[in-house]
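Here the structure is laid out as structure tokens; the discussion comes afterwards.
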């Protein structure tokens with residue numbers, strides 16, 4: 001994951017916004033997290049991303065015998081489930097095999113230069129390290145492009161800034177939200 005926005009919100013657009021499994025709605029209540037890396041998903045690189053979003057709020061829901069209230073944000077959960085009502089930015093290492101256990105998967109993850117809206121800061125972990133144990137450095141705009149691609153038009157590029165948490169318009173996402181894929185990206 002390089003220079004992405006991991007909001008921690010599902011895009012519950014029609015028809016998914018009305019989906020229910022019994023009394024449980026398709027919402028961002030239990031299990032809400034920006035990054036969820038399951039056990040044995042080793043050696044993932046997460047560099048220069050923005051987690052969460054400015055003005056994010058905790059959610060509450062009560063209807064048809066089901067209720068849940070989010071109570072607090074946390075930066076990470078690396079060895080246990082979040083406490084009731086806790087919403088972490090990072091959840092790494094959960095394994096479901098005859099019940100839930102946790103594996104030290106975080107020890108293989110490269111987490112460098114990611115901004116999160118819980119701490120409102122850019123954090124450097126290195127591989128498996130604690131926040132602050134990595135080495136801050138400039139994150140390139142792209143891993144393969146030398147300049148802004150033409151399809152970005154007047155939109156800022158890169159579209160996420162992990163230094164201050166700014167997220168702007170990703171042209172492909174804007175096309176999708178306007179219901180104009182794929183013609184929008186082709187300029188037709």
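When a/c is below 1.5 the answer is rounded, else prolate if a/b is larger than b/c, else oblate, so apply that to segment 102-186 with a ≥ b ≥ c taken from the square roots of the Cα gyration tensor eigenvalues.
Working: a/c = 2.39, a/b = 2.01, b/c = 1.19.
Verdict is prolate for segment 102-186.
Compared with the alpha-carbon gap, the fully stretched path from residue 133 to residue 18 is longer by 37.0 nm at 0.36 nm per residue. List the residues of segment 45-72 whose backbone N lies under 17 Å from a point placed 7 Å from the Cα of residue 177 along the Cα-to-Cβ direction. Residues 50-57 qualify, since their backbone N sits under 17 Å from the label point. Dividing the Cα radius of gyration of the chain by 2.2 N^0.38 Å, with N the residue count, gives 1.13.
When the chain is treated as a Gaussian network with alpha carbon springs shorter than 10 Å, the biggest mean-square fluctuation among 85, 52, 98 belongs to 98.
With only Cα atoms counted, segment 6-60 has Rg and Dmax values of 13.9, 39 Å. A straight chain from residue 95 to residue 68 at 0.36 nm per residue would run longer than the Cα-Cα distance by 7.4 nm. Helical content of the chain, expressed as a calculated mean residue ellipticity at 222 nm, amounts to -1000 deg cm²/dmol (DSSP H runs of 4 or more residues, -39,500 (n - 2.57) each, divided by residue number, nearest 500). In this label model, residue 30 and residue 44 are separated by 2.1 nm, measuring between points 7 Å along each Cα→Cβ vector.
Any read-out appearing in this document is the output of simple, stated calculations on the displayed coordinates, not a laboratory observation. Because the structure is a prediction, the values reported are computed rather than measured. Glycine gets a Cβ as well: all are built from the backbone with ideal geometry, and neighbour counts include every protein chain shown.
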